[in-house]
1. Could you work out the relative contact order of the stretch 1-139? I mean the mean sequence separation of Cα pairs under 8 Å and 6+ apart, divided by the number of residues, in percent.
2. Can you give the longest run of the chain that contains no GluC sites (Glu not before Pro) sitting in a DSSP loop with at most 10 other Cβ atoms inside 10 Å?
3. From the square roots a ≥ b ≥ c of the eigenvalues of the alpha-carbon gyration tensor of the stretch 2-234, which class results: rounded (a/c under 1.5), prolate (a/b over b/c), or oblate?
4. Give a quick list of trypsin sites (Lys or Arg not before Pro) in the stretch 176-241 that DSSP marks as loop, anything other than H, G, I, E or B, with at most 14 other Cβ atoms within 10 Å.
5. Taking the dipole about the Cα centre of the stretch 191-241, with the C-beta of Lys and Arg at +1 and of Asp and Glu at -1, give me whichever of LEU241, THR198, PRO227 is farthest to the positive side.
6. I want the antiparallel fraction of DSSP beta bridges within the stretch 2-234, as a percent rounded to 5.
7. Under 8 Å for C-alpha pairs, at least 6 residues apart: give me the relative contact order for the stretch 2-234, rounded to a whole percent.
8. Enter the Cα centre distance for the pair the stretch 59-87 and the stretch 215-233, rounded to the nearest angstrom.
Amino acid sequence: MEVVIGSAAQVARWAADAVEALLRARPDAVLGLATGSSPLALYDELARRHAEAGLSFARARAFLLDEYVGLSPEHPERYRAVIERELASRVDFAEGAVHAPDGGAADIAAACAAYEAAIREAGGVDLQILGIGTDGHLAFNEPGSSLASRTRIKTLTEQTRQDNARFFDGDADAVPRHVLTQGLGTIMEARHLVLLATGRAKAEAVHRMVEGGVSAMWPASVLQLHPHVTVLLDDAAASRL
Ligand code: GLP
């Protein structure tokens, strides 16, 4: 695990450098995308490099980590809509190149299996962007998630619903209780994992991820077992290391 500490702006630039280096070398690379606040500055930087430096996503494909269950197709906080707004619509992905688990599926198990199959058929994820929850979750793999888990339905903890209430006008009750999420086993198959964390609220989770024992109670600690992880932190997120 490579841990790099700088300013929040540097975190975004370093992550963008990794994405850009991959796309320049392999324009048809498969990207793993995360939602939440952590990657927003990265997505701004990628949109800027697309506009100003010709960075192209035209041949790339992308897979989202997770999706809420039960939000209407028009809901602006569906992660499919969020990633469209924050990145896809600002760069040149081809039609249909960005995939998300189907949180509206009637058959949840089939939708999860189809998502795993789609990732496999794409050849696997080359570079996975990750954030981390304050309780150490990755994607929506809450504490207690099997370290070998695959894409499946999960119930959010109260903590995560509180954390995400800010995207739902501050109303934690409006945050769905259920989500579809890539499992930790799915995430661990990506060839390069790039995790971004900024702010003091993440310091404990970052400490557990980097320096704690590997445990399902701190799901991100599973990254210690991956051969190619880059952890990009600002000083506040690194303050417990
Ligand atoms: C969210 C997402 C994760 C994200 C994490 C941290 O709920 N499902 O993919 O990494 O929790 O979110 P944020 O970056 O907003 O702090």
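Laboratory data are not the source of any read-out in this text; all were calculated from the coordinates shown. All values derive from a computational prediction rather than experimental measurement. Quick reminder, even Gly has a Cβ in these numbers, built from the backbone with ideal geometry, and neighbours come from all protein chains shown.
1. 30 percent
2. That gives 96-241 as the longest site-free run.
3. rounded
4. Answer in residue order: ARG177.
5. It is PRO227, whose Cα lies furthest towards the positive end.
6. The answer is about 30 percent antiparallel.
7. Once divided by the residue count of the stretch 2-234, the mean separation gives 25 percent.
8. The distance from the Cα centre of the stretch 59-87 to that of the stretch 215-233 comes to 24 Å.
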